[in-house]
Structure formats: structure tokens, C-alpha cells
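The values are calculated or read from the model by the stated rules, or taken from the named source; none is laboratory data. Remember, it's a predicted structure, so these values are computed and weren't measured experimentally. Counting neighbours? That spans all protein chains shown, and the Cβs are built from the backbone with ideal geometry, glycine included. Ligands, DNA and RNA are excluded from the accessible area calculation, which covers all protein heavy atoms including side chains. Shrake-Rupley method; radii C 1.70, N 1.55, O 1.52, S 1.80 Å.
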Amino acid sequence: MASVKLLGEASLMIPALRQVNFEAIDMIQLLRSAGLNENETMVEEGVQNKTCPFTWGLPETVGSALTPLIGWVSLVVMGTIVAKSPLRSLSLHRSWHELTTGRQSRLNVLDCFRVIAILWVMLNHTGSEGRIDILEKQPSADAFKHNVHTHPVFLVLSGLLGARSWLRNGDQPFWAHYSSFLGRRVLRLFPSVAMFVYIAAGPIVQAVLPRFSTTMISDCGLKGLASHLSFTGNWQSTPTCMGYLWYLGLDMQLHLLLPFLLHLLVSSPRRGVIVTLGLIVASSVIRAAHCSAYGTCNKSDVDIPFISYPDADPADVLKTYEGLWDMYARPYTKCGPFLIGMLLGYATVFVKAELSESAAKKLLLAGAAICLAMIYGILPEYWYPEMTTNLYNVSYTALFRSVFALGVCAMIASFYYRKESFDVSPTWSILARLTFAAYLLHMPIVYIFNHLSYLQTASGAVELVVVLPAVAVLSFLAATVFYLFVESPIGNLSNSFAKTIGL
């Protein structure tokens with residue numbers, strides 16, 4: 001096969017692989033030995049699978065998809081083993097050092113919040129995309145309610161850290177700083193997202209995880225994938241193309257706004273606070289009006305998976321997400337937690353204060369109580385699903401994300417402003433650095449558990465908690481490989497490029 005020949009040629013770049021006879025490898029037999037049949041692979045002997053939707057740019061065979069990946073790995077290996085190589089910025093030693101080096105900051109506790117949040121995301125997706133009955137819209141799926149969304153935590157952290165990053169050089173001319181701030185962010189995130197999209201949307205994943213390709217990729221097309229690469233995935237008409245990546249677009253768009261608000265806060269704190277609070281209130285009002293107009297105020301958790309249904313009528317798919325997707329993913333309905341985090345980030349720079357151990361503990365408990373109240377506050381929607389736009393549901397839908405964010409900020413502030421320093425284990429720091437890669441990769445990992453009967457017959461959260469450690473371990477292992485071979489090396493190249501062009 002041509003793909004095998006390409007593998008053989010690519011292997012010449014890695015000395016250790018020169019002895020491997022790739023011509024003797026039967027790729028189809030290799031895939032079958034992994035438990036796949038010819039209908040689940042991209043390629044049969046000399047015949048392209050007709051279900052392949054990618055004829056416009058992505059590789060069409062497993063071998064051709066592997067070739068550039070092998071080439072990139074070869075470059076990383078060369079940068080690692082050749083001491084004075086021009087590729088030394090790709091070195092695995094350097095990436096490992098970046099991953100494992102500790103840092104001293106009063107905000108180290110954010111690592112704990114970030115790791116807990118990504119584990120919570122994994123838990124939610126394990127209970128949705130991890131179950132076949134939900135992917136196939138079987139009747140048993142309706143009885144499995146489990147979702148408690150944690151992206152307000154990520155939005156809070158993003159707003160907080162974004163504010164501190166901007167204010168670090170806030171005295172620079174605004175537009176020069178603005179272009180550098182956003183340019184560096186794009187250069188840091190885009191290569192990793194592009195690499196993930198290349199792998200996830202190509203024949204490798206389709207061969208190994210055909211159900212993932214069917215429900216996450218089949219409805220993409222060039223436009224859908226381009227939306228994720230341009231950080232506008234949250235503006236798709238329906239979240240049927242890797243819908244779980246919506247957060248990337250939302251976060252980038254909020255960072256477009258952040259410098260203007262911080263500039264106002266620095267130049268006129270009173271006016272800046274008023275404008276920011278006004279935006280938070282306006283977002284809550286829009287959420288209330290939106291859910292009332294669509295009759296979805298009893299679905300605050302948006303407890304449906306963001307997937308495609310290839311055999312469904314497009315009109316039915318549109319109706320499934322009508323009123324929910326807009327409220328879930330748009331900046332004007334989701335900016336509250338980000339802006340609250342931004343205000344806390346501003347406060348950590350300009351507000352000097354100290355809390356006694358007793359006061360810090362009270363603030364921590366108060367924040368935790370607020371978060372728990374918002375988590376369990378959704379239960380009446382489950383108990384009385386027929387009630388759509390009553391006062392409680394409208395108020396809860398409008399406010400719960402921002403109020404939850406206030407609780408998170410209270411807990412963070414309790415650690416930041418306490419007199420005594422709070423030590424965090426280096427393990428939290430390592431896992432926190434892997435959360436971005438884990439966010440990208442955890443969904444394909446979740447699909448592996450479609451084959452776990454224990455999960456498929458689960459009736460509640462207990463079974464999900466039992467399965468979560470396995471999902472987390474596999475996700476973080478995959479994230480470690482991705483970080484060492486992709487995120488960190490490309491990040492080093494991006495930083496060098498940013499300096500070269502003056503960002």
C-alpha cells in the first residue's frame with residue numbers, strides 16, 4: 001500500500017526505526033487485530049471507505065496521516081538527542097523541565113481549582129458522551145440526569161489570570177500592548193488546537209474510534225473545522241462539530257474585550273467597576289429573557305450532549321438545540337463569570353489587604369456554601385420538569401453562573417489575602433499545566449468507555465465517580481504526551497516567533 005511506503009520513507013528520519021520492515025505490515029490486518037472491522041476503518045485494500053467525509057484537504061488514509069506526525073516526532077527527537085541542534089527548543093528535556101518546575105506565588109491555589117474543574121468536566125462528559133444510549137437518543141437516556149457544569153470555574157480563572165497578565169505591562173501604549181497581548185495568546189493556543197483538529201478529524205481517530213468520528217466529526221466539513229481554528233466555534237448554528245470545543249472561541253472573544261475594560265478600570269476605577277457590573281447584570285437579564293422566550297428556563301444545565309446525529313433530520317437537530325445553544329455558548333450570555341474573575345484579578349494587583357486566619361476561613365466557607373447552593377439549586381428543575389418559566393427557574397437560569405463565580409472568587413480571595421502563606425503540592429502544578437491538553441484530549445478518551453458495560457448500565461453519579469479515575473488517568477497520560485511533543489515545543493517556537501516579530 002502507498003501509505004505503508006510513506007511510513008517506510010518517513011521512518012528513515014528516526015535511526016531506531018530503520019530496521020523496521022514497514023513493507024511487511026498489513027495495515028488493515030493491524031487495525032482488525034485492534035478489534036476493528038473493515039467497515040470501521042478509513043481504508044480497505046485499494047478502496048477508500050465511502051463514508052469518509054474528508055476529500056478536501058485532510059489525509060485520507062491512516063498511513064498518510066501518520067507521515068507528518070512521524071516527521072514532527074523525528075524533529076523533537078533530534079532536538080533532544082543532538083546537544084547543539086538548532087532544534088534544541090523542541091527538546092523533551094526542556095519540555096519536561098517546564099512541566100515539572102515549581103513556582104512560588106500566592107495564587108498557586110489556582111492550580112487546585114483548575115485540576116478539580118477539569119476532573120468535573122471529565123465526569124460530566126463520561127456521563128453523557130460516554131454512554132451509548134445518550135449518543136443514540138435511546139429512551140433510557142432521559143432518566144440519566146447528571147450534569148453540573150464547571151466552566152464558570154475556567155471562566156473565572158481565565159478572567160483573573162488574563163487581567164493580571166495585561167496589568168503586568170499595563171503602562172505600555174494601549175494598542176501596542178493590545179496587539180502583543182492577543183497575538184501571543186493566539187500563537188500559544190492555535191498550534192496545539194490545529195494539531196489536535198488534524199488528529200481528531202482525520203483517519204487515525206476514525207479507524208480507532210469510529211463512533212467519535214460519527215458523532216463528533218461527520219457534520220464538520222471545512223466550515224466547522226475552520227470555526228474551531230479561528231476560535232469562533234461557539235458561533236456555529238448547532239454544536240454538532242466537536243461541540244465541546246465551544247469554550248475555546250468564547251474565551252478568546254472575551255479576551256478581545258478584556259483590555260478595554262481593564263484600561264477603563266485603571267484610568268477611572270469607579271467608572272470601570274460600574275461598566276463591568278452593568279455588563280454582568282445585562283448578561284443575566286439577557287439570559288432570563290432568552291430562556292423565557294424559548295421556554296427553556298427549566299433546562300439551566302443544558303443536559304444534552306453537543307454531538308451530531310447523522311441519520312436525523314437537520315430540522316430536528318436544529319430544534320434540539322434551539323434556545324439552548326445560544327444561551328450556552330455566546331459571549332453576551334456567558335460573560336458574567338469571566339468579568340467577575342477579571343475584577344478579582346484587578347483587585348489582586350491594586351487592593352492591598354490581609355485577612356486573619358479566622359476571617360479567611362469564614363470567607364472560604366461562605367464561598368463554598370454559595371457554590372454548593374448553586375449546584376443543588378438546580379434540583380427543583382428536575383423535580384418539576386413541566387414548569388418552564390416560573391419565577392424560580394427564570395431567576396436561577398439568569399443568575400446561577402454569576403453567583404457560582406462569586407463563590408469561587410470568595411474562595412480564591414480567602415487564600416490570596418490570608419496572612420499565612422498556603423503551600424500547594426507540586427503535583428497540582430504539574431496537573432494544572434496539563435489541563436489544556438487534557439481538555440482537548442479527554443473527549444476521545446471518554447468514547448473508549450462506550451465499551452464499558454458498567455458505565456452503560458449506570459443509574460446515577462456513584463457509578464460515574466467510580467469510572468472517573470480511569471478516565472482521568474488515561475486523559476492525563478495522553479495530555480502528558482501531547483504536552484511534551486506538541487504543546488511545549490510548539491509553544492517555545494511560538495515565543496521565539498513572537499519576539500522576532502516584535503510582540
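Observations
- Segment 194-338: radius of gyration over Cα atoms, expressed as a fraction of 2.2 N^0.38 Å: 1.22
- Among His228, His263, His290, the order of accessible area from largest down is His263, His290, His228, computed with a 1.4 Å probe on protein heavy atoms.
- With distances taken between every two different alpha-carbon atoms, segment 436-498 has a Kirkwood hydrodynamic radius of 13.3 Å.
- Distance from the alpha carbon centroid of segment 59-91 to that of segment 358-381 works out to 48 angstrom.
- 222 nm mean residue ellipticity, helices alone, for the chain (DSSP H n ≥ 4; -39,500 (n - 2.57); rounded to 500): -20500 deg cm²/dmol
- Mean Cα-pair separation over length for the chain, i.e. relative contact order, pairs under 8 Å, 6 or more apart, %: 24 percent
- Taking a sphere under 14 Å around the Cβ of Ile430 and counting the other residues whose Cβ falls inside, with K and R at +1 and D and E at -1, yields a net charge of 0.
- Mean projected area of the Cα convex hull of segment 390-503, taken over all directions, amounts to 12.9 nm².
- Dimensions of segment 364-449 along the principal axes, based on C-alpha atoms and rounded to the nearest Å, stand at 48, 44, 17, largest first.
- Amide H contacts under 5 Å for Leu355, placed H, 5+ residues apart: Arg418, Lys419
- Thr238 - accessible surface, heavy atoms, 1.4 Å probe, Å² rounded to 10: 20 Å²
- 3J(HN,Hα) along segment 195-203: 5, 5, 4, 4, 6, 5, 8, x, x Hz, from the Karplus curve 6.51 cos²θ - 1.76 cosθ + 1.60 with θ = phi - 60°, whole Hz, x for Gly and Pro.
- Beyond 18 Å in Cα-Cα separation lie the following of the pairs Lys223/Lys299; Lys362/Lys419; Lys299/Lys334: Lys223/Lys299.
- Net charge, Met78 excluded, C-beta distance under 13 Å - Lys, Arg +1, Asp, Glu -1: +2
- Largest to smallest principal axis extent of the C-alpha atoms in the chain, angstrom: 70, 60, 40
- Per-residue packing, averaged as other Cβ atoms within 10 Å, sorts the ranges 102-114, 392-404 into the order 392-404, 102-114, beginning with the highest.
- Local electrostatic count, Glu357, Cβ distance below 13 Å [Lys/Arg +1, Asp/Glu -1]: +2
- Computed from backbone phi with θ = phi - 60° and the Karplus coefficients 6.51, -1.76 and 1.60, the 3J(HN,Hα) list for segment 440-448 is 5, 8, 5, 5, x, 4, 4, 5, 4 Hz; x is used for glycine and proline.
- Segment 71-82 - phi-based ³J(HN,Hα) in whole Hz, Karplus 6.51/-1.76/1.60, Gly and Pro as x: x, 5, 4, 4, 5, 5, 5, 4, x, 8, 8, 9
- Pairwise centroid distance, computed over Cα atoms, of segment 239-317 with segment 399-469, Å: 21 Å
- Descending semi-axes in whole angstrom, ellipsoid equivalent of segment 258-326, from the Cα gyration tensor: 37, 14, 8
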